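The values are calculated or read from the model by the stated rules, or taken from the named source; none is laboratory data. A quick note: this is a predicted structure, and the numbers were derived from the prediction, not measured. Cβ placement follows ideal geometry from the backbone for every residue including glycine, while neighbour counts extend to all protein chains displayed.
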Amino acid sequence: MDGKKTIIAVYVENQAGVLTRVTGMFTRRGFNIDALTVGETESKEYSRITIYMDGDASEQMINQLYKLVVVKKVEILQEDSIKRELMMIKVRNDSKNRSEIMTAVDVFRANVIDYSVESMCIEVTGAPSKIDAFVKLMEPFGILEMCRTGIVALDRGTKTLLAE
């Protein structure tokens, strides 16, 4: 792809099989989804799917999503939207690297959520670039395991997904 990333917010009815139908549309058209998050919204009847992918989502793709009865609203979020991600990362912990890891935790405003003599589990939240930078910083210490949630995003200001 051209290196451009697109974030699509899809407001859907909260029912079984919806995620499969929505993601199936991307699969059939050859799009690779880099990150996908799904969760309830302000109304338990609806869920919000946030799709982070390479390339541009075409108008045709948006129109196809609207053909699904369970889809209520689709929006391509702007570049300046607020983007956040959560990561938990487990790194090797020993007396030689402990202070360096703790300095990084402080600088990145992260939290140690589990601690043992051999390892440390750290929670980091923020923009995807912050998460990427923290991972790169932890690599020399030995990453034992990590899990990232994927991006969640909202438009800035008072604009909402359902606003007409």
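Being within 21 Å of THR160 (Cα to Cα), in the same structural domain as ARG28 (by TED's automatic domain parsing) and either in contact with a helix residue (DSSP H, G or I) (Cβ under 6 Å, 6 or more places away or on another chain) or at pLDDT below 90 (or both) is not true of LYS67.
Counted as qualifying within segment 10-128 are no helices (runs of 4 or more DSSP H), as none has 3 or more residues that are farther than 14 Å from LEU154 by Cα and of a type in the set (Lys, Arg). Among the residues of segment 30-82, the ones that are without any contact (Cβ under 8 Å) to a residue 60 or more places away in the chain and among the aliphatic types (A, V, I, L, M) come to 12 in all.
Are any residues in segment 129-153 more than 30 Å from VAL10 (Cα to Cα) and in a strand (DSSP E or B), and if so, which ones? Can you show your working first?
Applying the first criterion (more than 30 Å from VAL10 (Cα to Cα)) to segment 129-153 yields 136-145.
Across segment 129-153, the qualifying residues are ILE143, LEU144, GLU145.
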